[in-house]
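Since the structure comes first, as structure tokens, the remarks are kept for the end.
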Amino acid sequence: MKHRSWQVELALLLSWTALTALFFAEVEIQIEGPAGWASILPTWRLEKHWLLDIFWGGRPMTGYHAWVFSFMFLVFHLGVFIDLHWSLRMEARIIASLMLFWIIEDFLWFVLNPAFGINNFSPNKVLWHKQWFLNMPVDYWTFTIVSALLMWLSYAKFKDKRTFVKSDNKYAAP
């Protein structure tokens, strides 16, 4: 079987990630309606905790989000169990894709939601994103940078095979 170039694989992965984010954004719009961050769903909520400030951007933790984030984590790892191949490179690629998925999905929730729209994507209207920078939630910037770094690491070819992980031809750039 002829292998595709890493550039084609990356383009396919990014396209698939964006497509799944689009579909999931639509699902969340149907579930949450105009009330973002599960604010009117019948779920438990943890509003204040110092760990939420560090890991959750100051947003509440809800039962809905605890289950949906865990579910998507498992979904993104499905390929590992189908192929029965795991490596640090693959894990970096999975986590990078998952981070990118959540950025795209969250942004599309605002763009596609009839109750919001792109014109209402601002700190004044989106109160659950507490920290903004250059008209975007800080999470978007952070996740994009970390995702890009992890994606690069997952495709990079290292001269020293002990650096990061041993290169396996299936998942490393040539």
Starting from residues that are over 26 Å from Phe110 (Cβ atoms) and polar (S, T, N, Q), keep the ones in the stretch 1-40 and report whichever is least open to solvent (accessible area, probe 1.4 Å).
Ser5
Out of (1) without any contact (Cβ under 8 Å) to a residue 60 or more places away in the chain; (2) assigned to a helix (DSSP H, G or I); (3) open to solvent by less than 70 Å² (accessible area, probe 1.4 Å); (4) not small (Gly, Ala, Ser), the odd one out for Thr43 is which?
(2)
Out of the residues in the stretch 46-55 that are assigned to a helix (DSSP H, G or I) and open to solvent by 30 Å² or more (accessible area, probe 1.4 Å), state the one that is farthest from Phe143 (Cα to Cα).
Trp50
Could you grab the pairs with beta carbons closer than 6 Å, sequence gap of 6+ or different chains, first residue in the stretch 64-85 and over 16 Å from Thr20 (Cβ atoms) and touching a residue at least 40 places away in the same chain (Cβ under 8 Å), second one in a helix (DSSP H, G or I) and of a type in the set (Gly, Ala, Ser)?
none
Please determine, by comparing only the residues of the stretch 125-155 that are part of a loop (DSSP other than H, G, I, E, B) and touching a Ser or Thr at 6+ places or on another chain (Cβ under 9 Å), which one is modelled with the highest pLDDT.
Asn135
Can you tell me which residue is nearest to Phe133 (Cα to Cα) among those in the stretch 61-88 that are in contact with a helix residue (DSSP H, G or I) (Cβ under 7 Å, 6 or more places away or on another chain) and modelled with pLDDT under 95?
Met61
Name the residue, out of Gly58, Gly79, Gly36, that is of a type outside the set (Val, Ile, Thr), under 21 Å from Val146 (Cβ atoms) and in a loop (DSSP other than H, G, I, E, B).
Gly58
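The values are calculated or read from the model by the stated rules, or taken from the named source; none is laboratory data. Predicted, not measured: the structure shown is a model, and the values here were computed from it. Quick reminder, even Gly has a Cβ in these numbers, built from the backbone with ideal geometry, and neighbours come from all protein chains shown. For the accessible areas, the whole protein counts, side chains as well, though only heavy atoms, and no ligand, DNA or RNA atoms are used. Shrake-Rupley method; radii C 1.70, N 1.55, O 1.52, S 1.80 Å.
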